[in-house]
Amino acid sequence: MATADDPTGNLHVAILPFMAHGHMIPIIDIAKLFASRRGVKTTIITTRLNAPLVSKQIPTTAEIHIELIRFPAAEAGVPEESETADFFSSTAQKMGPNFLFKFFHAAALLRRPLDAALAKIRPDCLVSDAFFPWSAESAGKLGIPRLVFHGTGYFALCTAVCIRVHKPHKNSDSESFVVPCLPGKIELTPSQLPESARKEEEGNPFTELVREMAESEGKSYGVIVNSFRELEPNYADFYRDELGRRNWAIGPVSLSNRRSEEKAGRGGRGTGESSSDCLKWLESKEPDSVIYICFGSLADFADSQLKEIAAALESWGGSFIWVVRKDPRTESESESEEEWLPVGFEDRTAEKGLIIRGWAPQILILEHEAVGGFVTHCGWNSTLEGITVGKAMVTWPVAAEQFYNEKLVTAVLGIGLPVEAEKWVRGTGDDEVIMAEGIEIAVRRLMDGDEGKEMRRKAKELREMARMAIEEGGSSHSSLSDLIDELKQRSHV
Ligand code: UDP
């Protein structure tokens, strides 16, 4: 705890990640950013099985401690192993809504263990994921500020509030609508909205969670945003001035990873060996010639959809790295045993393509100069990581707030082309298959045409802005300094 007579003005920041890769990876980056500042000590509060995933992402030199709390699996009726971010990615989504409700109940039962951990370590502030709305009260009990981490950018945060408040989809069942009050003329359709927004009145437990999250934001000190002001200034202003949210943009937080090992270790899974194979392969390719295809840690397409992607890539004929959420093949398995791939696909595309089964070292791949385009599901981390390294995108949103992020990329920033996904689905693309022809057209336009070239030019400008934002004197660097100063002053009172 910082005290008035402490000349170094130390600050102790506690961080509570939610156990899904898309939330955990950036909040650990945030822990690293805090810890990189003089006089700031950081403690990540997490459960036993997640601790190795967390440690793999933090350099041994960083002033970051891990405080373990127990995951109340038995009390919530979920299996022990469900506490890990890996389980959430691989299994939880497939187990259906009833399991997810139980899982979120278990997450809510972390409240008592968190209270005990906070009482023990006595931090000066708590940064916790928006999925833990009750943690505002945990911080309140200790008289310390709680900062919310949503995991998404200004544009999506603003869009979500405008839709929640004005409910424009209620007046239009299938037609598109313009998001009321939001700067710019942003059009969406009801089927692109998250289920929690569409099925509000049906007592959907996720709607209840979203309501609690909104309420808890009002009780919190402010919001930490993984974005940079120059990327979405109108929406940053709208969020602060019109929606009245105190906030600090400190991103892109992925740029806190400077060394290759740190970049490869994000998500706690990559191995140095698989990364170097991949980079060696990229070295043999021309600049901007390879398209990287990855749908994040959760989206899990049906085999029928994967076959369409394979057909599109083969017909396009360019170079690709394609990440598929399947287990790596064992030596005894032959290619023909993989139902999701057209027979002989890998042989025919051996010169051109690389399929990664499982987890890819995304940042290392994306930042390589041979990569000229990114087919993305528009998860916010992937979207911002693409922007940060100056890549143009083919946008293919699936769930969460990804359809909002798509609009930022295509309609506001003009650095992406949509594959024309129309329907929000939880986790898998089971019931809507995008055909090979449509995928190929989008990939061709991005990779081979003048349109794509112009988008790459714009994306590279944003890359420079992103880099400047996190350097000393840049907007995100200064914003974090301001936040730290404010928190230090507060804890000295
Ligand atoms: N990621 C990765 N390798 C993979 C898949 C994902 O490193 O094979 C990382 C990616 O860089 C990003 C995160 O996992 O930081 C995924 O977050 P995002 O918000 O893009 O999507 P989500 O997984 O939450 O849908």
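The values are calculated or read from the model by the stated rules, or taken from the named source; none is laboratory data. Only a predicted model underlies this, so the values are computations on that prediction, with no experimental measurement involved. Reconstructed Cβ throughout: ideal geometry from the backbone, glycine too, with neighbour counts over all protein chains shown. Accessible surface is based on the protein model in full, side chains and every heavy atom, while ligands, DNA and RNA are left aside. Shrake-Rupley method; radii C 1.70, N 1.55, O 1.52, S 1.80 Å.
For segment 368-380, give me each residue that is in contact with a Ser or Thr (Cβ under 7 Å, 6 or more places away or on another chain), outside any loop (DSSP other than H, G, I, E, B) and within 12 Å of the ligand (Cβ to nearest atom).
Thr376, Trp380
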(message) Residue pairs, Cβ under 8 Å, 6 or more apart or interchain, first in segment 174-186 and without any contact (Cβ under 8 Å) to a residue 24 or more places away in the chain and more than 11 Å from Lys407 (Cα to Cα), second surrounded by fewer than 13 Cβ atoms within 10 Å (Cβ to Cβ) and basic (Lys, Arg). List them.
(response) Val178/Lys185
(message) Can you tell me which condition His23 does not meet? The list is (1) open to solvent by less than 10 Å² (accessible area, probe 1.4 Å); (2) modelled with pLDDT of 95 or more; (3) within 25 Å of Ala249 (Cα to Cα), and all the others hold.
(response) (1)
(request) Tell me, please, whether a residue that is without any contact (Cβ under 8 Å) to a residue 24 or more places away in the chain, of a type in the set (A, V, I, L, M, F, W, C), open to solvent by 80 Å² or more (accessible area, probe 1.4 Å) and assigned to a helix (DSSP H, G or I) can be found in segment 97-104. (result) no
(message) I'd like the residue in segment 299-352 that is at pLDDT below 90 and within 16 Å of the ligand (Cβ to nearest atom) and, out of all such residues, is most open to solvent (accessible area, probe 1.4 Å).
(response) Asp327
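Could you say which residue among Lys41, Lys94 is among the basic types (Lys, Arg) and part of a strand (DSSP E or B)?
Going through Lys41, Lys94 in turn, just one is among the basic types (Lys, Arg) and part of a strand (DSSP E or B): Lys41.
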(request) Please report, ordered by residue number, the helices (runs of 4 or more DSSP H) entirely within segment 147-254 with at least 1 residues that are in contact with a Cys (Cβ under 9 Å, 6 or more places away or on another chain). (result) 154-166, 233-237
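If you go through segment 73-87 one residue at a time, do you hit one that is in contact with an Asp or Glu (Cβ under 9 Å, 6 or more places away or on another chain), outside any strand (DSSP E or B), more than 16 Å from the ligand (Cβ to nearest atom) and closer than 30 Å to Pro145 by Cβ?
no
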(request) Would you mind stating whether Glu422 is away from the ligand (no atom under 12 Å from the Cβ), more than 18 Å from Asp300 (Cβ to Cβ) and assigned to a loop (DSSP other than H, G, I, E, B)? (result) yes
(request) Using the structure shown, decide if Glu262 is surrounded by fewer than 21 Cβ atoms within 10 Å (Cβ to Cβ) and within 16 Å of the ligand (Cβ to nearest atom). (result) yes
(message) Scan segment 188-196 and tell me whether some residue there is under 30 Å from Glu461 (Cα atoms) and not charged (D, E, K, R).
(response) yes
(message) Here are the criteria: (1) modelled with pLDDT under 95; (2) not in a helix (DSSP H, G or I). Tell me which single one Gly414 does not satisfy.
(response) (1)
(message) The conditions are (1) part of a helix (DSSP H, G or I); (2) within 9 Å of the ligand (Cβ to nearest atom), and Ala399 fails exactly one of them. Which is it?
(response) (1)
(message) Exactly one of these conditions fails for Ile365: (1) open to solvent by less than 10 Å² (accessible area, probe 1.4 Å); (2) assigned to a loop (DSSP other than H, G, I, E, B); (3) within 11 Å of the ligand (Cβ to nearest atom). Give me its number.
(response) (2)
(request) Identify the residue in segment 56-72 that is open to solvent by 20 Å² or more (accessible area, probe 1.4 Å), assigned to a loop (DSSP other than H, G, I, E, B) and in contact (Cβ under 8 Å) with a residue 12 or more places away in the chain and, among all such residues, is nearest to Val40 (Cα to Cα). (result) Glu63
(message) List the residue pairs whose Cβ atoms are under 8 Å apart, where the first residue sits in segment 264-283 and is closer than 14 Å to Ile321 by Cα and at pLDDT 70 or above, the second is assigned to a helix (DSSP H, G or I) and more than 10 Å from the ligand (Cβ to nearest atom), and the two are 6 or more positions apart or on different chains.
(response) Ser275/Ser260
(request) Residue by residue through segment 185-220, note down the ones that are loosely packed, with under 14 Cβ neighbours inside 10 Å, of a type in the set (Lys, Arg) and at pLDDT below 90. (result) Lys199
(message) Given (1) free of Cβ contacts under 8 Å to residues at least 60 places away in the same chain; (2) open to solvent by 30 Å² or more (accessible area, probe 1.4 Å), identify the lone condition not met by Val78.
(response) (2)
